[in-house]
Amino acid sequence: MIFTMLLMDRPGTAELRVQVRPEHRTYLAALSDRMAFAGPLTSEDGNTVVGSLLVIDFPSRADVDTWLKDEPYTKAGVYEKPVIHAFNNGWTQKVGFPPAV
């Protein structure tokens, strides 16, 4: 099942985000074959990072929670409380993952 994760940064964690980013990217790379997309959310200036949006295929919500608990930004305290929802792709993709159901 595909899950979306809206992960907003805690205020004042911009430098911590930069420090932890290499570990975060390595952790994400382990799921690259199950990842629909992932990337930073920015403010309207397009440059100031305010959080992350991850869309990844997991067997269950419990698996999402387990994975997110060990995610480097989570462990370092960058993210505030996550907002997680199952996602059903209802739009035909021209390229990439996930296919329409």
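What the table below lists for this structure:
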item	result
Spatial extent of the chain: Rg and Dmax, with the Cα atoms as the point set, Å	13.8, 40
Choice from 39, 51, 90 with maximal GNM fluctuation in the chain (Cα, 10 Å cutoff)	90
Between segment 1-26 and segment 30-88, the Cα center-to-center distance that results, in Å	7 Å
Percentage relative contact order, the chain, counting C-alpha pairs under 8 Å, at least six apart	43 percent
Neighbour net charge for residue 70 - beta-carbon separation under 15 angstrom, K R +1, D E -1	-1
Degrees separating the helix 14-29 axis from the principal Cα axis of the chain, which is the longest one	30 degrees
Selection of chymotrypsin sites (Phe, Trp or Tyr not before Pro), the chain, meeting DSSP coil and at most 14 other Cβ within 10 Å	91
Extension gain, residue 75 back to residue 44 (0.36 nm per residue minus Cα-Cα distance, nm)	8.4 nm
Residues of the chain: accessible area per residue with a 1.4 Å probe, Å²	64 Å²
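The values are calculated or read from the model by the stated rules, or taken from the named source; none is laboratory data. This structure is a prediction, so every number in the text was calculated from the model and none was measured. FYI the Cβ positions are ideal-geometry reconstructions off the backbone, even for glycines, and counts take in every protein chain you see. These area figures cover heavy atoms from the full protein model, side chains too; ligands, DNA and RNA do not enter into them. Shrake-Rupley method; radii C 1.70, N 1.55, O 1.52, S 1.80 Å.
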